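Each remark here refers to the structure printed beneath this line.
The values are calculated or read from the model by the stated rules, or taken from the named source; none is laboratory data. All values derive from a computational prediction rather than experimental measurement. Neighbour counts run over all protein chains shown; Cβ positions are idealised from the backbone, glycine included.
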Amino acid sequence: MKLIIGADHAGYELKEKLKPWLVGLGHEVIDVGAYVLDNADDYPDFVAPLVEKVLEDPDEIRGIFCGGSGQGEAIMANRSRNIRAVVYAHHDLSIIKVMRTDSNSNFFSIGARFISESEAKEAITSWLSISFDPESRHARRLAKLESNT
């Protein structure tokens, strides 16, 4: 799977650990930055190029962003049509299924200040393994969302 990954200063260390792990799983990984740890950087500068890359094929390409809480990053990403950003910053993996089966999420925003590297890997593994059923009732709902943006 083609994955676009990005981070700001708060998620930089986690992103750097996730990249080789994702490549090792056989994914094509494109890093859109941050490329250095800079405590003065701003997440919008890295969310924007990640969103642009996912929008090249939003049903096939997925994005992973590592931020502090994950919230602002998801808010920004969701301003774009065909982006379905969700936040994972807690310890309940059962929500991951809903993120894919109900929301067909294609942007996974990680709250790096709230979960460990191993938790992030477990959540990402689950998120990447779950398919969306385009014939489900949720597809109808997502179509309504897209028609209102």
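No other residue among I124, I130 is on the phi < 0 side of the Ramachandran plot and buried (at least 17 other Cβ atoms within 10 Å of the Cβ) apart from I124.
When the residues of the stretch 79-107 are filtered to those that are among the polar types (S, T, N, Q) and in contact (Cβ under 8 Å) with a residue 12 or more places away in the chain, the one that is farthest from I5 (Cα to Cα) is T101.
Results for (1) assigned to a loop (DSSP other than H, G, I, E, B); (2) surrounded by fewer than 18 Cβ atoms within 10 Å (Cβ to Cβ); (3) modelled with pLDDT of 95 or more, shown as yes or no for each residue.
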| position | (1), (2), (3) |
| --- | --- |
| A34 | yes, no, yes |
| A40 | yes, yes, yes |
| D45 | no, yes, yes |
| D59 | yes, yes, no |
| E73 | no, no, yes |
| S80 | yes, no, yes |
| S118 | no, yes, yes |
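I75 meets all of the listed conditions (1) out of contact with any strand residue (DSSP E or B) (no Cβ under 9 Å at 6 or more places or on another chain); (2) within 19 Å of M99 (Cβ to Cβ); (3) free of Cβ contacts under 8 Å to residues at least 24 places away in the same chain; (4) not hydroxyl-bearing (S, T, Y) but one, namely (1). Given the criteria closer than 17 Å to K19 by Cα and either at pLDDT 95 or above or in contact with a Leu (Cβ under 7 Å, 6 or more places away or on another chain) (or both), does L55 qualify? So L55 does not fit the description; no. Return yes or no: is R141 surrounded by fewer than 17 Cβ atoms within 10 Å (Cβ to Cβ) and either modelled with pLDDT under 95 or at positive phi (or both)? When the stated conditions are applied, R141 passes them. Give the number of residues within the stretch 30-87 that are of a type in the set (V, I, T) and in contact with a Ser or Thr (Cβ under 7 Å, 6 or more places away or on another chain). Within the stretch 30-87, residues that are of a type in the set (V, I, T) and in contact with a Ser or Thr (Cβ under 7 Å, 6 or more places away or on another chain) number 3. Residues that are in a loop (DSSP other than H, G, I, E, B) and surrounded by 13 or more Cβ atoms within 10 Å (Cβ to Cβ) within the stretch 16-32 comprise L25, H27, V32, listed in sequence order.
Please work out if G67 is under 20 Å from S118 (Cα atoms) and free of Cβ contacts under 8 Å to residues at least 60 places away in the same chain. The answer is no for G67. Quick check on K53: is it more than 28 Å from P134 (Cβ to Cβ) and surrounded by 15 or more Cβ atoms within 10 Å (Cβ to Cβ)? Criteria not met by K53.
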